[in-house]
Every structure is written in C-alpha cells, then in structure tokens.
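The values are calculated or read from the model by the stated rules, or taken from the named source; none is laboratory data. Note that the coordinates shown come from a computational prediction; the quantities given were computed from them, not determined experimentally. For neighbour counting, all protein chains shown are included, and Cβ atoms are generated from backbone atoms with ideal geometry for every residue, glycine included.
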Amino acid sequence: MGMTHFGNEIVPAEFPELKMLAWNSSPARPIAAGEAFALYERNWRFVDRGKLTPHEKLLIEELTEEYGHGITLV
C-alpha cells in the first residue's frame with residue numbers, strides 16, 4: 001500500500017491540525033500513514049475544519065481512500 005502524494009510516513013509538523021492532534025510527540029518525527037489516519041479518526045471532534053489547508057484536506061482524502069475504505073470524515 002503506497003500513498004500517491006504523501007508516502008508511507010507523514011510529518012505532522014507539515015499539517016497544522018495533525019500537528020495539534022500529535023501534541024504528545026515530536027511534530028517533526030514522521031509517523032506511519034496509518035497512524036496519521038487513526039489520529040484523525042479518533043480525534044476528529046477536535047479538528048477545526050475551518051483551519052484545514054488544501055494540502056491537509058488532500059492528505060485526509062488520500063488517507064481515507066487508503067485506510068478508511070473511502071468513508072470520509074470531512
């Protein structure tokens with residue numbers, strides 16, 4: 001399984017809302033794409049959708065396609 005734009009590892013610091021969700025680890029440390037999806041899924045109620053950048057929206061769409069079986073959170 002490979003992500004088309006983002007690869008298998010995601011750097012939370014590059015995505016404002018994911019960085020906020022990954023507060024308990026270094027935002028510069030890459031995390032597995034599946035782990036990023038799980039963070040979004042578990043903590044979606046804390047995501048400020050108005051602050052999602054186009055880049056982060058694309059990440060969420062791709063993670064959803066890859067790990068969420070196309071069932072979108074956004």
Restricting attention to the range 50-74, the residues that are closer than 14 Å to residue 21 by Cβ and either surrounded by fewer than 11 Cβ atoms within 10 Å (Cβ to Cβ) or at pLDDT below 90 (or both) number exactly 2
Which of the residues spanning the range 28-49 are more than 9 Å from the chain's Cα centre (by Cα) and crowded, with 16+ Cβ neighbours inside 10 Å? 30, 31, 47
Within the range 21-33, the residues that are out of contact with any helix residue (DSSP H, G or I) (no Cβ under 7 Å at 6 or more places or on another chain) and of a type outside the set (Ser, Thr, Tyr) are 23, 24, 29, 30, 32
Cβ-Cβ distance below 9 Å, separation of 6 or more or different chains: which pairs start in the range 48-62 with a residue that is outside any helix (DSSP H, G or I) and end on one that is of a type in the set (A, V, I, L, M)? 48/20; 52/60; 52/74
Within the range 15-60, the residues that are under 14 Å from residue 5 (Cβ atoms) and either of a type in the set (Asp, Glu) or in contact with a strand residue (DSSP E or B) (Cβ under 9 Å, 6 or more places away or on another chain) (or both) are 33, 36, 56, 59
Residue check, residue 23 surrounded by 14 or more Cβ atoms within 10 Å (Cβ to Cβ) and either among the aromatic types (Phe, Trp, Tyr) or touching an Asp or Glu at 6+ places or on another chain (Cβ under 6 Å) (or both): no
Hits in the range 20-36 (condition: in a helix (DSSP H, G or I) and among the hydrophobic types (A, V, I, L, M, F, W, C)): 20, 21, 33, 36
